[in-house]
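To start, the structure itself, in structure tokens.
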Amino acid sequence: MSSLLAPPASFRGILPPAPPRRPAPSALTARAARSCYRFRTDDDGVVDVAVAGKDSEEGYTVGVEVPPRPGSRRRREGGLVLRAADSGEAVPLSSPGHGACLAAELSVAASRTPFNLSFLLTDGEGTQIRTHRRTAFRVPVGVGRGSPAPLGLSLSGDGAANFALHSKTAKGVVLCLYDGGGGDEPAFEIDLDPYVNRTGNVWHVSLESVAGYASYGFRCGLFGTGHPLLDPYAKVIGVFVSGNSVHAAVPSMSCLGLLANPPSYNWGRDKRPCLPLEKLVVYRANVALFTKDKSSGLPGNVAGTFSGMTAKIQHFRSLGVNAVLLEPVFPFDQAKGPYFPYHFFSPTNSYSSEGCSASAITDMKDMVKAMHRNGTEVLLEVVFTHTAEGEEECQMISIRGIDNSTYYISDEIAGCKSGILNCNGPVTQKLILDSLRHWVLDFHVDGFCFINAPFLVRGPRGEYLTRPPLLESIAFDPVLSKTKIIADPWSPLDISNVQFPFPHWKRWAEMNTRFSIDVRKFLKGEALISDLATRLCGSGDLFDSRGPAFSFNYVSRNSGLTLVDLVSFSNDDLASESSWNCGEEGPSENNAVLETRLRQIRNFIFILFVSLGIPVLNMGDECGHSSAGWTSYKERAPLNWKGLKTTFVKEVTGFISFLAALRSRRGDIFQRREFLKLENINWHGSDLSEPGWEDPTSKFLCMHVIAENDGNTPDSIRGDLYICFNANVESVSATLPAPTEGSMWLRLVDTSLALPGFFGSKSNPKVQQVLRHSSYEVKAHSCVLFESTRDLS
């Protein structure tokens with residue numbers, strides 16, 4: 001009966017809705033029926049169809065049964081004939097006795113499943129019997145009810161597949177299968193029956209095989225109409241394709257999930273570094289811009305990819321960095337940038353060496369594995385507060401079209417033009433938690449930085465919650481709680497978020513925006529020295545209940561001015577940046593201006609590393625990367641690796657490496673989970689007097705850190721530190737306190753000196769010994785660091 005298969009290249013009809021299951025037709029009682037369907041006919045009768053599982057030799061067995069209809073207005077004494085919808089071949093339905101059901105059992109061979117079995121019934125008078133919708137009877141073969149869990153696509157070893165999709169609002173869902181031939185229309189469609197293929201709000205279906213099909217999507221419009229949408233749980237996806245739109249100003253975009261498991265990967269002996277939070281030195285980077293420039297010296301298919309990051313691991317090691325924070329790697333809107341994602345379960349294809357999802361997965365895992373082998377952790381910036389999907393149907397890529405009212409906050413939040421995800425709703429919360437666990441368990445990621453974090457605190461109506469269930473779930477999740485979890489208040493939605501008391505359960509760290517603001521203002525000469533002192537000590541005003549290790553400090557970031565631009569541009573448009581051009585706007589050839597700029601760059605880096613908390617370097621700040629004064633994220637250019645060969649860059653990178661080593665050597669002071677004790681810090685003015693804490697004209701501060709000596713601390717790290725900060729336009733003579741008996745002061749850093757003498761270690765002969773009870777001239781716009789050590793003389 002192969003002629004009954006009638007599987008048109010694209011089946012566009014809608015199957016009649018099936019009522020609740022009933023026993024299989026008697027023709028199949030001896031065999032387990034995989035699926036049962038009941039159709040209402042156009043003469044008020046019913047037709048039952050049962051499909052048995054595939055027999056390896058005989059194919060599928062389909063039983064058709066027509067129960068008797070007492071009092072029917074149409075006589076059936078002549079019997080019924082089952083006839084293929086597109087051929088003249090017929091099979092009579094027989095009855096074992098008077099008044100019994102008419103039934104037939106068919107053996108159907110098929111080269112590919114699933115397919116639709118399509119037929120008509122004809123009575124003895126030659127009259128066709130159709131469904132109540134006057135269509136042929138169509139039954140999907142090779143299709144089962146499926147399971148509601150897990151969500152997404154599940155492929156078994158024998159080629160069977162289960163699909164599960166959450167949608168509360170969809171009136172109908174259609175699974176669309178594509179054969180990879182390149183056509184826009186699906187090769188096969190399966191209407192999911194709400195009585196059979198729905199459990200709660202989850203639509204599900206299973207297929208015995210998906211061989212011959214390459215990708216899939218879901219139609220979730222009114223009764224399953226509309227364009228196919230991407231499965232939000234798809235692990236391997238195709239490319240994002242733009243198309244024609246009925247809205248001239250709104251570009252169309254679509255993407256499908258691939259019918260494949262992620263490529264298998266051998267992690268070997270990969271071991272997570274599991275570095276204590278307080279020991280981190282972080283480098284923020286964009287995968288594409290980090291090596292995209294030809295100056296990186298990498299092949300074209302490697303530059304700007306995960307493989308490019310792997311190739312430059314030595315650069316991180318030379319800086320003393322032990323954690324790389326990657327800007328979002330999810331598939332994103334290429335026009336808006338990586339902070340506007342489409343999908344949460346796969347890396348973007350554009351970061352792979354081959355431009356496909358399978359390659360991106362493998363390349364990213366190779367990168368993580370290589371980073372771990374070199375003792376470097378991999379942290380991901382993630383955006384779960386909004387997506388790049390628009391409200392127009394043509395811009396609905398995935399969850400916006402699947403279940404908009406469930407996944408998104410319905411009320412518009414003031415000042416925000418983008419749709420905001422309902423992160424604390426149970427369905428969206430599950431999506432986020434499943435995504436995070438996926439990156440930890442499958443990609444061995446070491447932690448996450450949550451962009452636009454204040455929106456993670458909002459409820460379904462945009463209100464602020466005191467105990468957001470999502471944040472609490474992450475904090476205590478058995479998998480996620482063992483990773484680094486960082487909240488970042490910065491928003492890519494053109495909204496000015498302020499740092500506020502963030503619910504943390506002593507698990508959440510935060511990007512410290514106040515650190516950047518106060519350090520910039522101090523070096524510009526506009527901040528109170530008390531603000532600087534607070535940042536140097538770990539921002540106790542913000543992290544008093546957690547400790548300084550939960551403060552991720554930064555001076556510049558990927559939005560706003562770069563480090564070199566902070567000291568080169570300062571006009572009215574940049575007032576919010578608190579920058580200072582050091583006397584001349586933009587590029588300059590004035591030696592005095594250039595010297596001041598160099599000191600300020602050193603000062604920024606120095607304060608970043610001698611402050612309690614976690615230093616976060618921004619990509620390119622180590623090599624004078626500039627955006628020509630532009631603050632927009634979109635204006636950033638790829639990193640120019642030729643700059644690494646210049647004297648200036650060698651000096652800056654060497655300084656960063658020295659400071660990273662100093663933090664490690666003096667971990668008793670700089671790498672702490674708890675704050676310094678009050679008795680271990682003394683603050684001074686220029687002559688050991690009390691600083692002018694509330695004097696807005698005071699721009700000089702000295703910090704004396706008295707090392708704790710428990711008798712077991714090695715001599716190499718038990719010395720005191722004396723640090724001077726001068727934001728004045730003139731030099732200040734600083735009196736040094738008397739060192740402890742048998743000790744002397746050594747100058748380790750003076751940012752005003754010329755290379756190579758402005759920094760050095762105790763074993764370096766360039767380090768200057770400072771005489772007892774002496775004073776030291778701290779030049780304008782400079783910082784100086786002294787360390788006491790045993791006087792071996």
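The values are calculated or read from the model by the stated rules, or taken from the named source; none is laboratory data. These numbers come from a predicted model, not from an experiment. Using ideal geometry, Cβ is built from the backbone for each residue, glycine included, and neighbour counts are taken over all protein chains shown. Ligands, DNA and RNA are excluded from the accessible area calculation, which covers all protein heavy atoms including side chains. Shrake-Rupley method; radii C 1.70, N 1.55, O 1.52, S 1.80 Å.
Laid out as a table, the results:
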item	result
Output for the range 59-88, where each listed residue is open to solvent by 60 Å² or more (accessible area, probe 1.4 Å) and modelled with pLDDT of 70 or more	68, 83
Residues that are within 12 Å of residue 479 (Cα to Cα) and of a type in the set (Phe, Trp, Tyr), drawn from the range 429-465	439
Residues within the range 173-189 that are in a loop (DSSP other than H, G, I, E, B) and open to solvent by 10 Å² or more (accessible area, probe 1.4 Å), tallied	8
The range 303-346, subset open to solvent by less than 30 Å² (accessible area, probe 1.4 Å), of a type in the set (Val, Ile, Thr) and not in a strand (DSSP E or B), residue nearest to residue 493 (Cα to Cα)	329
Subset of the range 145-157 that is touching a residue at least 40 places away in the same chain (Cβ under 8 Å) and over 16 Å from residue 199 (Cα atoms) - its residue that is surrounded by the most Cβ atoms within 10 Å (Cβ to Cβ)	153
Lone qualifier among 284, 272 - being closer than 30 Å to residue 511 by Cβ and touching a His at 6+ places or on another chain (Cβ under 9 Å)	272
Any hit, the range 651-659, residues being open to solvent by 10 Å² or more (accessible area, probe 1.4 Å), over 24 Å from residue 280 (Cβ atoms) and modelled with pLDDT of 90 or more	yes
Test: residue in the range 674-682 that is touching a strand residue (DSSP E or B) at 6+ places or on another chain (Cβ under 8 Å) and either without any contact (Cβ under 8 Å) to a residue 24 or more places away in the chain or open to solvent by 50 Å² or more (accessible area, probe 1.4 Å) (or both)	yes
Residue, surrounded by the fewest Cβ atoms within 10 Å (Cβ to Cβ), within the range 190-210, restricted to residues that are farther than 15 Å from residue 162 by Cα and under 31 Å from the mean Cα position of the chain (by Cα)	200
Residue 431 being buried (at least 20 other Cβ atoms within 10 Å of the Cβ) and free of Cβ contacts under 8 Å to residues at least 40 places away in the same chain	no
Condition check for residue 579: on the phi < 0 side of the Ramachandran plot, touching a helix residue (DSSP H, G or I) at 6+ places or on another chain (Cβ under 6 Å) and either without any contact (Cβ under 8 Å) to a residue 40 or more places away in the chain or buried (at least 20 other Cβ atoms within 10 Å of the Cβ) (or both)	yes
Filter result for residue 410 (farther than 21 Å from residue 505 by Cβ and surrounded by fewer than 22 Cβ atoms within 10 Å (Cβ to Cβ))	yes
Count of residues meeting criterion [open to solvent by less than 10 Å² (accessible area, probe 1.4 Å) and of a type outside the set (Asp, Glu)] in the range 725-761	11
Residue list for the range 369-392, restricted to those being over 25 Å from residue 509 (Cβ atoms), acidic (Asp, Glu) and touching an Asp or Glu at 6+ places or on another chain (Cβ under 8 Å)	none
Among the candidates 305, 291, 310, residue that is closer than 28 Å to residue 665 by Cα and among the hydroxyl-bearing types (Ser, Thr, Tyr)	310
Residues (assigned to a loop (DSSP other than H, G, I, E, B) and at pLDDT below 90) located in the range 221-238	221, 225, 226, 227
Search result, residues across the range 282-302 that are buried (at least 18 other Cβ atoms within 10 Å of the Cβ) and not hydrophobic (A, V, I, L, M, F, W, C)	283, 284, 286, 291, 292, 296
Residues (buried (at least 22 other Cβ atoms within 10 Å of the Cβ) and touching a helix residue (DSSP H, G or I) at 6+ places or on another chain (Cβ under 6 Å)) located in the range 347-362	347, 351, 357, 360
Unmet criterion (only one of (1) within 25 Å of the chain's Cα centre (by Cα); (2) more than 27 Å from residue 625 (Cβ to Cβ); (3) not in a loop (DSSP other than H, G, I, E, B)) for residue 487	(2)
Residue in the range 495-512 that is among the hydroxyl-bearing types (Ser, Thr, Tyr), crowded, with 19+ Cβ neighbours inside 10 Å, out of contact with any Lys or Arg (no Cβ under 6 Å at 6 or more places or on another chain) and within 26 Å of residue 326 (Cβ to Cβ) present	no
Subset of the range 528-546 that is in a loop (DSSP other than H, G, I, E, B) and under 30 Å from residue 286 (Cβ atoms) - its residue that is most open to solvent (accessible area, probe 1.4 Å)	546
Residue within the range 550-572 that is in contact with a Gly (Cβ under 8 Å, 6 or more places away or on another chain) and under 26 Å from residue 685 (Cβ atoms) present	yes
Where a residue in the range 450-476 is assigned to a helix (DSSP H, G or I) and its partner, wherever it lies, is acidic (Asp, Glu), with Cβ under 8 Å and at least six apart	453/488; 453/510
Check on residue 275, crowded, with 18+ Cβ neighbours inside 10 Å and either modelled with pLDDT of 95 or more or assigned to a helix (DSSP H, G or I) (or both)	no
Test: residue 780 is under 14 Å from residue 686 (Cα atoms), of a type in the set (A, V, I, L, M), at pLDDT 95 or above and open to solvent by 10 Å² or more (accessible area, probe 1.4 Å)	yes
Residue within the range 567-575 that is in a loop (DSSP other than H, G, I, E, B), closer than 27 Å to residue 320 by Cβ and in contact (Cβ under 8 Å) with a residue 60 or more places away in the chain present	yes
